[in-house]
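The values are calculated or read from the model by the stated rules, or taken from the named source; none is laboratory data. This structure is a prediction, so every number in the text was calculated from the model and none was measured. Backbone-built Cβ (ideal geometry, glycine too); neighbour counts: all protein chains shown. Side chains are part of the model used for accessible areas, which takes the heavy atoms of the whole protein and leaves out ligands, DNA and RNA. Shrake-Rupley method; radii C 1.70, N 1.55, O 1.52, S 1.80 Å.
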Amino acid sequence: MSHVDGNALAGDLREIFAVDLTVATGQCSGCGYKGSVASLRVYQNAPGVVARCPHCEEVVLRLVRGRDRAWLDLRGTVSLEIPLP
């Protein structure tokens, strides 16, 4: 089976990340809890933002913004279900 590079994802990813991610349902890799991104406990007193699971307190998401870029770490998320319009 042949493959193409990641540029093939551009259109699909642009569509997905153009929506409000706070309504997306995420699953914590620590305890399996499923809930909306809006239900995460967010800590902003750092160079970036850290979001923790409201059930087990594991880190689910990290976001650091620079002047001209952002870093998004979803290592603590098993999956992210994003409703599309």
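Place the peptides 6-13, 72-79 in order of packing, highest mean first, counting for every residue the other Cβ atoms within 10 Å and averaging per peptide.
72-79, 6-13
The helix-based estimate of mean residue ellipticity at 222 nm for the chain, built from -39,500 (n - 2.57) per DSSP H run of four or more residues and divided by its residue count, is -2000 deg cm²/dmol to the nearest 500. Kirkwood hydrodynamic radius computed over the stretch 6-81 comes to 13.2 Å, based on all pairs of distinct alpha carbons. Quick one: pull the percent of accessible area on the chain belonging to carbon and sulfur, 1.4 Å probe, ligands and nucleic acids left out. About 53 percent, which is the carbon plus sulfur part of the accessible surface.
The slack between A8 and H55, meaning 0.36 nm per residue of separation minus the straight C-alpha distance, is 13.3 nm. Amide hydrogen proximity for L61: with H placed 1.01 Å from N in the peptide plane, the residues at 5 or more positions away or on another chain lying under 5 Å are A51.
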